[in-house]
Amino acid sequence: MNQPVTPANPSATPGFKRRIGLFTATMLVAGNMIGSGIFIVSADMARDVGGAGWLLMLWLLTGVMTVLGGLCYAELAGALPHAGGQYLFLKEAFSPLWGFLYGWSAFTVIQCGSIAAVAVAFTKFLGVLFPTLGTGAEAVLVQVPMLVNIPLQLPWMPEHVTLFEREYFTITMGQLIAAGVIMLLTFINCLGVASGALVQNIFTVAKLFALGLVIVMGLGVALDWVVVRQNLQGAWDQALDTEHMRRTVMLTDLTPALAFFLVAGGAMVGSLFSADAWANVTLTAGEVKNPERNMPRSLVLGTCMVIGLYMLCNLAYLAVLPVQGDATLAADLKKQAADNPAQTSAIYQGKASELGISQAQDDRVGTAVMGVASPGWGRVVMALGIMISTFGCVNGMILVTARLYYAMAKDGLFFRVAGTLNQRGVPQASLIMQACWSIALVFSGTYSELLDYVIFASLLFYALTVAGLILLRSRRPDLPRPFRVPGYPYVPILYGSLCLTMMFTLLVVRPEYTWPGLILVALGVPVYYIWRLFPGRATGSIP
């Protein structure tokens, strides 16, 4: 049996100062969840599943998974209300190895990759207003030929897929700005948890307003009953006739029904990423006031609020735009824009309704809806709203994740300096290390690649953590549990099963991203044992 290494009375622990109340904790849940994904991923999902019914079904399933996960983590956060969150849960339920593997994966991919991806998304929408400051062709500063192509072929695949391909190593102005955003927010969070929390509260409220604006515009100002009827009539159509569906049948030789099951699972990558990071608030448990009460409440309130807004937002999209747009027109407009980048806005002007959700310009569905509602200012307002959303999301992830590396360092599983606090009571060294690696990832790959790496690794550790919840119920019945999962053990079993199902579908339909992610997690095993060869690294208990 693993013995707890955490203090018995967290409220009296020295080190971190408990300055985060219920409101800020809830804003951390919502702020970490809401980035840019909700405004763009529905386009890719629509291309994969074809109809409005399937699109909403996938978002609903994402919501169910998120709320179920939130309920499970609420029990764990109440029982173990200390810095480290998911790392601590895995360590206490299984062993330090499993906690380390999560921390290793979080640093290399899950958390730092998310910070990088959302920071790049910030500059992507900055490019809507100022193209030379974005990530498009107009913003390229350096471009060096690479000519790298690494194929992957697995036993069940008649043809290979491309594991990694780069024709050029490119640096854009947007990447430099993304790096600057990470550095700025890291500096603010080094000033103290109150500074980071203030930024988080302001930007989360602002992004909730931006999300609400899209909902009001879509379901009110720009609502088109002709489009609504069109989407209702074809709600379940075209599911078997999408490009991704045809490719999956060709690669796997499965029946159409099984192939669609895999396609739908792959399509959920976008919605799951958009709803991910809800568990990050548990990393700050050492700084939350009355954590036994406020941690469970913030998880339940935050996840339910965001999922409700996400469903309304997708209904707003479907009230304004048809699910399927004109692919031929989209290809033609894209070619025109590539030939004449300076006229991109004029080229796409007034075409949103014809392009629909699936063919929205650069997948910017939220921008398309706002453009229909207000042709003059909608595009600008939406770009500003998404920039606010992504800026706040990056701040939230920077604030909470550094506490993970602090907890690992306290156990001797990360660099010793990461287990120290500065004069303002924050893990400054962890914040700086996190910033350096996140900035490196900004220059290493595209938004979609980082997204796919992140979601597979996240699902793996979500499944392990809820399994740990069940183990702790039997192994540690003495733990105080101010909140207990309703419907236990069915809720954690259902959530874990959904996670495992999603992982299987991703391994089959997106092997070029998910297999490298799995290998990366496995590489943490030898790193763990090598690290253990150096004794005396632990710096104390975890507050």
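The values are calculated or read from the model by the stated rules, or taken from the named source; none is laboratory data. None of these values were measured; they are calculated from a predicted model. Note that each Cβ is placed from the backbone with ideal geometry, even for glycine, and that neighbours are counted across all protein chains shown.
Listing for the model above:
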{"read-out": "Every residue from the stretch 416-443 that is hydroxyl-bearing (Ser, Thr, Tyr) and farther than 22 Å from Ile20 by Cβ", "value": "Ser438"}
{"read-out": "Conditions (1) touching a Pro at 6+ places or on another chain (Cβ under 8 Å); (2) modelled with pLDDT of 85 or more: number failed by Val306", "value": "(1)"}
{"read-out": "Tally of residues being part of a helix (DSSP H, G or I) and within 30 Å of Phe122 (Cα to Cα) across the stretch 204-247", "value": "20"}
{"read-out": "Search result, residues across the stretch 107-150 that are of a type in the set (S, T, N, Q), closer than 19 Å to Thr344 by Cβ and in a helix (DSSP H, G or I)", "value": "Thr123, Thr132"}
{"read-out": "Options Val372, Val365, Val380, Val400: the member that is surrounded by fewer than 16 Cβ atoms within 10 Å (Cβ to Cβ) and in contact (Cβ under 8 Å) with a residue 60 or more places away in the chain", "value": "Val380"}
{"read-out": "Test: residue in the stretch 53-66 that is touching a residue at least 12 places away in the same chain (Cβ under 8 Å), farther than 18 Å from Ala264 by Cβ and surrounded by 23 or more Cβ atoms within 10 Å (Cβ to Cβ)", "value": "no"}
{"read-out": "Subset of the stretch 94-106 that is aromatic (Phe, Trp, Tyr) and assigned to a helix (DSSP H, G or I) - its residue that is farthest from Ser389 (Cα to Cα)", "value": "Trp98"}
{"read-out": "The stretch 258-315: number of residues that are within 18 Å of the chain's Cα centre (by Cα) and at positive phi", "value": "1"}
{"read-out": "Number of the condition not met by Ser458 [criteria: (1) modelled with pLDDT of 95 or more; (2) under 26 Å from Phe94 (Cβ atoms)]", "value": "(1)"}
{"read-out": "Selection status of Ala352, within 26 Å of Glu138 (Cβ to Cβ) and crowded, with 24+ Cβ neighbours inside 10 Å", "value": "yes"}
